[in-house]
1. Residue 435 versus (1) under 30 Å from residue 298 (Cβ atoms); (2) open to solvent by 20 Å² or more (accessible area, probe 1.4 Å): which is the lone unmet condition?
2. If the requirement is being touching a residue at least 40 places away in the same chain (Cβ under 8 Å), assigned to a loop (DSSP other than H, G, I, E, B), open to solvent by 20 Å² or more (accessible area, probe 1.4 Å) and in contact with a His (Cβ under 8 Å, 6 or more places away or on another chain), which of these qualifies: 468, 535?
3. What are the pairs with Cβ atoms under 7 angstrom where one residue, in the stretch 504-515, is open to solvent by 50 Å² or more (accessible area, probe 1.4 Å) and the other, located anywhere, is of a type in the set (Phe, Trp, Tyr)? Sequence gap at least six, or different chains.
4. Take the residues of the stretch 239-266 that are in contact with a Leu (Cβ under 8 Å, 6 or more places away or on another chain) and among the basic types (Lys, Arg): which is surrounded by the fewest Cβ atoms within 10 Å (Cβ to Cβ)?
5. Which condition from (1) surrounded by 22 or more Cβ atoms within 10 Å (Cβ to Cβ); (2) more than 17 Å from the chain's Cα centre (by Cα); (3) more than 29 Å from residue 156 (Cα to Cα) is the one that residue 354 breaks?
6. Scan the stretch 358-375 residue by residue and report those that are touching a helix residue (DSSP H, G or I) at 6+ places or on another chain (Cβ under 7 Å) and open to solvent by 80 Å² or more (accessible area, probe 1.4 Å).
7. Could you tell me which numbered condition residue 512 fails, if it satisfies all but one of (1) in a loop (DSSP other than H, G, I, E, B); (2) more than 24 Å from residue 321 (Cβ to Cβ); (3) modelled with pLDDT of 95 or more; (4) not polar (S, T, N, Q)?
8. Testing residue 312 on (1) open to solvent by 50 Å² or more (accessible area, probe 1.4 Å); (2) assigned to a helix (DSSP H, G or I), one condition comes back false. Which one is that?
Amino acid sequence: MSVESLFNLNKSVDAVLVSELESLCTIYNLPPQTLKYKWEAFVLNTGVPFHPTLPLIRNLKMTLQNEFEREIHTRRSTTLPSGSTYPEHRQPTKVTQVSGDTLEEFMSNLMSKHTIKTTQAPKSLAFQSRSQSVVDTQFNSHLNRLIEQQPSVELELLQPPIKEYRYMFEDMREKGYILDDHIEHLGQLMHEKYNCEFSNPMRTDQGTIFSYGRICGDTSEGKLNDKSVLLETSRDLGMGKRIRLNLSRVNDYSLFPGQVVAVEGKNLRGDCIHVDNILLPPSPGKTTTQSIEDIHNPATMIVANGPFTLNSDLSFTPFHSLIEKCLEERPNVLLLSGPFISSKHPHIMSGKVNMTPNHLFMNEIIGRLQHLITQNDNLDVILIPHADDMIHEYPLYPQPPLNLSLKHPRIHYLSNPCSFSVNGTSIAVSNIDILARLCKEEIHGPEAQTERIPRIIGHIFQQHTYYPLSPVDMADNIDAKQLPNINIKSKPDLFIIPSQLTHFIKMVDDVVCINAGYVAKQNTTGTFALVTMYPSHNMKDKIRVDIYRL
């Protein structure tokens, strides 16, 4: 194909651009298709617009020239020590031929010998030396595992998908109103639960008062501590003002920035509340799905979270092992949470790729899923995106479903977060690492609940949102206008919350909570979960979970 067709250029209109690109092909002896690959890698590495312009083409030329000069320097300075050996894919270049090479011959050799092979990379030593899949953690092990494959399941969405929206257009006033509404909503729930009258905490009062607001620190930087806790009121209750909290009388507190709580105490001078008790909002009720009596068949589901390839290559070997496990277990549902093609992968960040992220995703992920579906007639696949996914147009949270050209009746693209049911078992998934963020920001008293993970997950339910932290962590991007889309309206039976923390299975507030870990952890394989769901009202007889190491 010609340069103009590959780059979508009109030779009559973009004659200068076509000429520059053709000159690069001539100078570096590159076929037009190879130049296109180099351009795509350049775009991914620098973040510039995909459509070429004259300044960008000249920057690309400088990049190619720098690669050329570095390779010349390497060829002249590199010598092979006596007795040393190289892996086959890293054979040294013969230095003695440099002086006789023309520029065109050298660039041709450079491009052919050093192009990264994303699908044929050798397996890492850590992967080759791994043990086969073994059970690491179990929950409700008294329930039987299903050996025989079950009939097809009934999938039902419990909340509408998130619609596409414009981001990076936040209005600070509108954001303030949304946060204020959340404070008022939880304040009303606490009023109904504790049957107490709330008053403005800014007013001096010699008696005991009740008030509510959002926890924040006295500075915009630094971690919260027990001496820097402030309570920010809503506009209706206290005109949005803040007052210091003295926690010396409370030993069982657990607080983090953004948390909405009620306090009981005294404000003797109008500048500080001496807190006697901290009241927390009630958790939402359980999700109602179809009647259990209408369901007779149990179901199995494999839960796996990205990344799906090791940091050392883009061969997706751990994902291939996961597919083999699916062929062996033959589950009813395969739930995959991204990132599928992570923008933080070392090869992606350095531009060491020879195909676009979409091509990589279609070849390595979708292609194998299609093969898996043909081998299992009762399998449904669910794909949930992540903010780090390069195949998604929304690098933030929350996210609409993946918008892919491939449509299959048994491949389902869901939002992040999402809520659905499998044979009457309600399941919620939030693919953002809020657990690690809250563990970093939370402070607690000496008599607080000793186990941190259940305590943190309990906060998520009590705050009625999948992301209760405010201000947002620097590693996360959240559109304030979409905060209503991440509210928790009801508790599920099963809560899947991927995190970099050690994998776990916990029962919190009558909800089975799972962090299945990551399929690939840097340069070694990770874990996944096998969930068995029975039709039962009793959670102890409803869900069994086994977490396997790949």
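1. (2)
2. After ruling out the rest, the residue left standing is 535.
3. Short answer, once both residue conditions are applied: 509/461.
4. 244
5. It fails just one condition, (1).
6. If the condition is that a residue be touching a helix residue (DSSP H, G or I) at 6+ places or on another chain (Cβ under 7 Å) and open to solvent by 80 Å² or more (accessible area, probe 1.4 Å), then 368, 375 are the ones that fit.
7. Answer for residue 512: the failing condition is (1).
8. (2)
The values are calculated or read from the model by the stated rules, or taken from the named source; none is laboratory data. Just so you know, these numbers come straight off a predicted model, no measurement behind them. Positions of Cβ are backbone-derived with ideal geometry, glycine not excepted, and every protein chain shown enters the neighbour counts. All accessible areas refer to the heavy atoms of the entire protein, side chains included, with ligands and DNA or RNA removed. Shrake-Rupley method; radii C 1.70, N 1.55, O 1.52, S 1.80 Å.
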